[in-house]
Amino acid sequence: MPVENERTRFLKMTGSGNDFIVLDNRAQGISPEQGRELARLACRRKLSVGADGLILIENDPEVDFRWRFFNADGSEAEMCGNGARCAARFAHIKGIVAKSRMSFRTLAGIIEAEIKEPRVKIRMTPPHGLEPDLNVEAEQRSFRLHFINTGVPHVVCFLENDRALEEMNVFHWGRLLRHHRRFQPAGSNVNFALVEDANHMAIRTYERGVEDETLACGTGSIASALVAAAKGMVQSPVEVRTRSGETLTIYFDNPSTGAAAEFSQVYLEGDAKVVYEAELWKETLRE
Ligand SMILES: N[C@H](CCC[C@H](N)C(=O)O)C(=O)O
């Protein structure tokens, strides 16, 4: 079983609609393998707590804390923008970090965070690997996609208008593109994005590891904003309307446009709220 105790305390948190189980693992000793199993079992909606992901907070010798992030399917991901904002708020609420500014270690690198309750602003690790204007076929439909890694891999597909965004079958096409051979072996998250004006976008995201559309995706919002900036369509700050209706704000140094666009000082800001505090009962972890 992924946890020893019959009851395990946790916070259920939501980062703009992306929801997470957040657990203090400094004394629990949940191993990475147990974390994968715990995520897979506890993230099942209706059978257990239900969430898009599991976050374990752990000690770190150099920065304020370390985390391990697991998607709902148990896969461990290098980074999660909405989850990182929730992790920082959790650390502040639980007194793990008294200051309102902190830094913590992820598999993507060190994340700096500033608490502005209930909003949290985080500085991202440097985005990389921008590959614009990829022509990809799926089920006889052609897509013009743009790849970028914003801590995790993302492809961005720009749509023409609100109606196209609303009518997009995100589950069907997102799943096909997430598994497309062009993006293997790691796979990719898939964002359908609309540029409304130079400082406003709307997106819908199919998330790798959740294997469904989520109500918000932090690294996906950043990916969409930075690709749009590289193509000269937006400039910082960009307000991104997510599927939940909440807005994420992306800040970055306006890059020189074009494929070689380099981005620095990339920040993500939005709400990171506590939904409830509760105890996970071990009996819901049996399959
Ligand atoms: N599902 C993503 C990780 C979480 C990203 C998303 N929830 C965010 O807020 O950045 C992946 O495996 O690449």
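Values computed for the structure shown
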{"quantity": "Tally of residues being of a type in the set (A, V, I, L, M) and either in a helix (DSSP H, G or I) or more than 14 Å from the chain's Cα centre (by Cα) (or both) across the range 2-20", "calculated": "2"}
{"quantity": "Given (1) of a type outside the set (Asp, Glu); (2) within 16 Å of the ligand (Cβ to nearest atom); (3) open to solvent by 50 Å² or more (accessible area, probe 1.4 Å), number of the condition Met79 does not satisfy", "calculated": "(3)"}
{"quantity": "Residue within the range 150-169 that is β-branched (Val, Ile, Thr) and more than 30 Å from Ala91 (Cα to Cα) present", "calculated": "yes"}
{"quantity": "Of the criteria (1) at pLDDT below 95; (2) open to solvent by less than 40 Å² (accessible area, probe 1.4 Å), which one Gly74 fails", "calculated": "(1)"}
{"quantity": "Total residues in the range 51-72, condition more than 9 Å from the ligand (Cβ to nearest atom) and not in a strand (DSSP E or B)", "calculated": "7"}
{"quantity": "Inter-residue pairs, beta-carbon under 9 Å, first open to solvent by 10 Å² or more (accessible area, probe 1.4 Å) and part of a strand (DSSP E or B) and in the range 219-241, second modelled with pLDDT of 95 or more and among the hydrophobic types (A, V, I, L, M, F, W, C), 6+ apart", "calculated": "Glu239/Met201; Glu239/Leu248; Glu239/Ile250; Arg241/Leu194; Arg241/Met201; Arg241/Ala202; Arg241/Ile203; Arg241/Leu248"}
{"quantity": "Among (1) in the same structural domain as Cys217 (by TED's automatic domain parsing); (2) in contact with a Ser or Thr (Cβ under 7 Å, 6 or more places away or on another chain); (3) open to solvent by 20 Å² or more (accessible area, probe 1.4 Å); (4) not small (Gly, Ala, Ser), the one test that Glu114 misses", "calculated": "(1)"}
{"quantity": "Within the range 115-207, strands (runs of 3 or more DSSP E) holding 2 or more residues that are more than 30 Å from Lys273 (Cα to Cα), in contact with a strand residue (DSSP E or B) (Cβ under 7 Å, 6 or more places away or on another chain) and at pLDDT 95 or above", "calculated": "128-138, 141-149"}
{"quantity": "Those residues of the range 26-50 which are assigned to a loop (DSSP other than H, G, I, E, B), out of contact with any strand residue (DSSP E or B) (no Cβ under 7 Å at 6 or more places or on another chain) and touching a residue at least 60 places away in the same chain (Cβ under 8 Å), in sequence order", "calculated": "Leu47, Ser48"}
{"quantity": "Qualifying residue in the range 261-278 (condition: within 16 Å of the ligand (Cβ to nearest atom), among the charged types (D, E, K, R) and open to solvent by 50 Å² or more (accessible area, probe 1.4 Å))", "calculated": "yes"}
{"quantity": "Verdict on Glu33 being modelled with pLDDT under 95, closer than 29 Å to Tyr206 by Cα and of a type in the set (Asp, Glu)", "calculated": "no"}
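The values are calculated or read from the model by the stated rules, or taken from the named source; none is laboratory data. As the structure is a computational prediction, the values presented were derived from the model and not from experiment. Here Cβ is always computed from backbone atoms with ideal geometry, including for glycine, and neighbour counts include all displayed protein chains. Surface areas here come from the heavy atoms of the whole protein model, side chains and all, with no ligands, DNA or RNA. Shrake-Rupley method; radii C 1.70, N 1.55, O 1.52, S 1.80 Å.
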